[in-house]
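The values are calculated or read from the model by the stated rules, or taken from the named source; none is laboratory data. Note that this is a predicted model, so its numbers are computed, not measured. Glycine also receives a Cβ, built like all others from the backbone with ideal geometry; neighbour counts cover every protein chain displayed.
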Amino acid sequence: MNKKILLSTIAATLLSTSLSAIEIEDYKIIEGTYQDAYLNGSLTVEGGNQDQTSYSSHVDATGRVIHNSAPFSWQANGIVSGDWSQGANDGDKSLKSYNASATTRFDKYLYNDDTWFYYGSGDLGYRKQVTSNDADDPYVKIGAGMGYGRMYDATALAKALRVVEDLVKYKIISATPSDASMIELAKVIDLEAEYRSKYGAREYKKYWYEDMEKILKKAGVLEKESLGAFGIVRINEIFSYEKIGGRFHGWKVRAGLGQVLSNYDGKSEDTTADVEFEYGKPYGHSSQFTERALFSKVLDSDSAINFQFRNSMTYTYELSDKIDWDNSWILTHDNYDKGDDVTTNALTTGFNYYLPNELVFNITLSLNKTDGTNGQSVETPDWDTKLYTGLTYRLK
């Protein structure tokens, strides 16, 4: 009898393990929209025992929207930031700088799959540097060309895994559903905007949660006839307070021509040959790696700049339901025909702790270094190191 019980336990464990073997990259649903937006701010004011009140303030807002469908994908990214400061000594003037940039890419697939597409792009920029009295001319660039590949948004499956993990923990469901049921659950979670549009912002959740319940019931894992009040509350808390970062997998490459319609210096309007590369890979259920690179070669031989290279690499690991470890490395390199090339490295690492009411407490270490000086760039022979804490408000 004991042997039978032991064998049954082992079989159940193996079955449970096999059913939970689903990976984030198994979610390849093309239809879907991902969006997020954050607002950061900081202010330091000092007075007394100095000639005048000194202050330093910073504010920035970031946002992105990514939409995927079989015939096309579209993405837009934007950031706005500003800094204001004044020194403690007599005669120290107030200084200000601000920067705004936006990029968009529209990919039209030729065969409604994950192969060939043609694209259109747009880049906008507006800035005032701290060393300048006035803002620079706006930066405007458009582009077009061909591409190959697709990036899949699998954030919905990460949310489904979080929900199932929680429901198993509180014994609302008896086991992890099959891979097929997990994909089905993720599809429903992915359709939140559709439920909101159909039933309205005040009513949609009861229909949304009801359809999730139907999937769990069909999978045969519900302990009772329904999720119950506690199960509904836990799902709502996960979606409202335990923010889950984007999960993306796949790769995409673009190659084409670009035209600078307006530049910061108000003079150069160059034609460029551009190559872009995007790559995303989740590791396990808790981490995400992304890589984005852009190479832009100026075709006008009379232009001062030869080519530009931009590379952005990020890695996020969820330490717990409320704590994320974020890391990034941003490398920029400007190659000039005359004068120094300019290379800038920016590395950051930090922890985000998600609080109620969309607030995030963060502590971040950043290192920045610029080699070479040309134009308005300022060289920093040593690494500029900063350790700072603050609050972030998640808008979406």
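Taking region 242-258 as the search range and keeping residues that are within 15 Å of the chain's Cα centre (by Cα) and among the hydrophobic types (A, V, I, L, M, F, W, C), which one is modelled with the highest pLDDT?
Restricting to residues being within 15 Å of the chain's Cα centre (by Cα) and among the hydrophobic types (A, V, I, L, M, F, W, C), the top hit is F248.
Between residues in region 152-164 that are within 13 Å of I183 (Cβ to Cβ) and residues that are small (G, A, S) and part of a helix (DSSP H, G or I), which pairs lie under 7 Å by C-beta distance while being six or more apart or on different chains?
Short answer, once both residue conditions are applied: A156/A186; L157/A186; A160/A186.
Taking region 87-136 on its own, how many of its residues are at positive phi and either crowded, with 17+ Cβ neighbours inside 10 Å or in contact (Cβ under 8 Å) with a residue 12 or more places away in the chain (or both)?
Residues that pass the stated criteria total 1.
Keeping to region 283-317, report how many residues are part of a strand (DSSP E or B) and either on the phi > 0 side of the Ramachandran plot or touching a residue at least 40 places away in the same chain (Cβ under 8 Å) (or both).
Qualifying residue count, region 283-317: 3.
Please go through (1) crowded, with 17+ Cβ neighbours inside 10 Å; (2) within 18 Å of T385 (Cα to Cα) for S303 and return the number of the only condition it doesn't satisfy.
Tallying (1) crowded, with 17+ Cβ neighbours inside 10 Å; (2) within 18 Å of T385 (Cα to Cα), S303 fails exactly one: (2).
Which one is surrounded by the most Cβ atoms within 10 Å (Cβ to Cβ) among residues in region 140-192 that are of a type in the set (A, V, I, L, M) and within 27 Å of Y118 (Cβ to Cβ)?
Applying the filter and picking the extreme gives A154.
Tell me, which residue of region 306-346 that is of a type in the set (G, A, S) and loosely packed, with under 15 Cβ neighbours inside 10 Å is modelled with the highest pLDDT?
Checking each candidate, the answer is S320.
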